[in-house]
Amino acid sequence: MGDKQVLVTGACGEIGQALVQGLAKRGGFRIVTSDLMPLPDSIKSLAAEHVQGDLVYKVKNFYDYDFEMIFHLAASLSSKAEVATEEAHRINVEGTMQLLMLAAYRSEKYGKPVRFLFPSSIAAYGMPDRAEKKKAGRVMEGEWNTPHTMYGCNKLYCEKLGVYYSRYCGQRHLDEHPPVMCDFRAIRFPGLISAFTLPSGGTSDYGPEMLHQAAQGKPYSCFVREDTRISFMAMPDAIKSILMLSETPREKLNHTVYNIAAFALTAGEFRDRAVKAFPKAQITFEPNPRRQGIVDSWPEDVDDTLARTEWGWKPDYNADRFFDDYFLPEIRKRYRN
Ligand code: SER
């Protein structure tokens, strides 16, 4: 049997680069990538083919490809989406819809469900104020689905679109002979931190930005208050979760959207750990009201019981292991600090 053909959109992004490396390491895949940008050197040799350009227009190129799985990572993140709302909606919603239509078409035509992996986000939640956020603690998938941001609205709606295309498309599930539909699965990610890449346009970016700046001995002014708490995760755990969910047999899954959690820290706790590791770090707090508001609307932490029970999810990195076994050793090599 030949390699399984897979598509990774947004391949140049943080998750994209790490996922392409993860798939290549696992082996057995013919990896087709797409992005607005040319592939960076880190993954250039790992992709069999790269389609560069605006996904909304490029999807038609993919109708002849026999994809077993689609990892649709292309997105405009939460801070950027607030200043370019229309563009964000086009990228986040229209791009996803075009790809879901492709997955639905191929699933029906070849009688085999195309697996569609979608990264959703803690931005799909919206806590009304800080008191409720504190009171709610770890939230379940069905709670507080009232996002405050364009990005969060886009992610929540695309989760629903995924359910529609995989179960009810055209109400054809009611036909005497319903078609084979695609197999949609979504993970709501916390803030992700990589030792190798930096995010851009997100609002959880203060975590990774602070750590990368501290490691280089550069000053950092954090755009949220010290007491701001959300959940974070090491990039290798994020990749592990995508691969795990993509490999789980359909019959084990009773849900479509899953929280995953690793560690929840305040911005002040990040600062303390950064200063301990890099005593020359200069970290100050100068909250930006709008970005602060976004993070205040995200839950302190999420409950990932469904992922743990249905597909065996468990992170490798808690806060201590994240710093000691992953981030600090890698970042010291990178910045020679
Ligand atoms: N990390 C993303 C952001 O900050 C949320 O998924 O936009």
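The values are calculated or read from the model by the stated rules, or taken from the named source; none is laboratory data. The model shown is predicted, which means the values in this text are computed figures rather than measured ones. So basically every Cβ, Gly included, is an ideal-geometry build from the backbone, and we count neighbours across all protein chains shown. These area figures cover heavy atoms from the full protein model, side chains too; ligands, DNA and RNA do not enter into them. Shrake-Rupley method; radii C 1.70, N 1.55, O 1.52, S 1.80 Å.
A few points about this structure:
- Of all residues making up region 131-150, the number that are within 12 Å of the ligand (Cβ to nearest atom) and open to solvent by less than 20 Å² (accessible area, probe 1.4 Å): 1
- Any hit, region 220-237, residues being touching a Pro at 6+ places or on another chain (Cβ under 7 Å), within 16 Å of the ligand (Cβ to nearest atom) and open to solvent by 30 Å² or more (accessible area, probe 1.4 Å): no
- Meets criteria (of a type outside the set (A, V, I, L, M, F, W, C) and under 26 Å from LYS112 (Cβ atoms)) for GLY13: no
- Only helices (runs of 4 or more DSSP H) whose full extent lies in region 26-111 are considered here, and the ones with at least 3 residues that are within 16 Å of the ligand (Cβ to nearest atom), under 21 Å from the mean Cα position of the chain (by Cα) and not aromatic (Phe, Trp, Tyr) are 78-83, 85-89.
- Boolean, SER166 is surrounded by 14 or more Cβ atoms within 10 Å (Cβ to Cβ), within 16 Å of the ligand (Cβ to nearest atom), under 21 Å from the mean Cα position of the chain (by Cα) and not in a loop (DSSP other than H, G, I, E, B): no
- Looking across VAL275, VAL257, one residue alone is open to solvent by 20 Å² or more (accessible area, probe 1.4 Å), touching a Ser or Thr at 6+ places or on another chain (Cβ under 9 Å) and either of a type in the set (Phe, Trp, Tyr) or modelled with pLDDT of 95 or more (or both). It is VAL257.
- Residues of region 298-320 that are charged (D, E, K, R), open to solvent by 20 Å² or more (accessible area, probe 1.4 Å) and either touching a residue at least 40 places away in the same chain (Cβ under 8 Å) or at positive phi (or both): GLU300, ASP301, ASP303, GLU310, ASP316.
- Once region 180-207 is narrowed to residues that are within 13 Å of the ligand (Cβ to nearest atom) and of a type in the set (Phe, Trp, Tyr), the residue that is farthest from MET127 (Cα to Cα) is TYR206.
- Residue identified as within 16 Å of the ligand (Cβ to nearest atom) and at pLDDT 95 or above among MET244, MET210: MET210
- Hey, LEU198 open to solvent by 10 Å² or more (accessible area, probe 1.4 Å), closer than 22 Å to ASP320 by Cα and in a strand (DSSP E or B) or not: no
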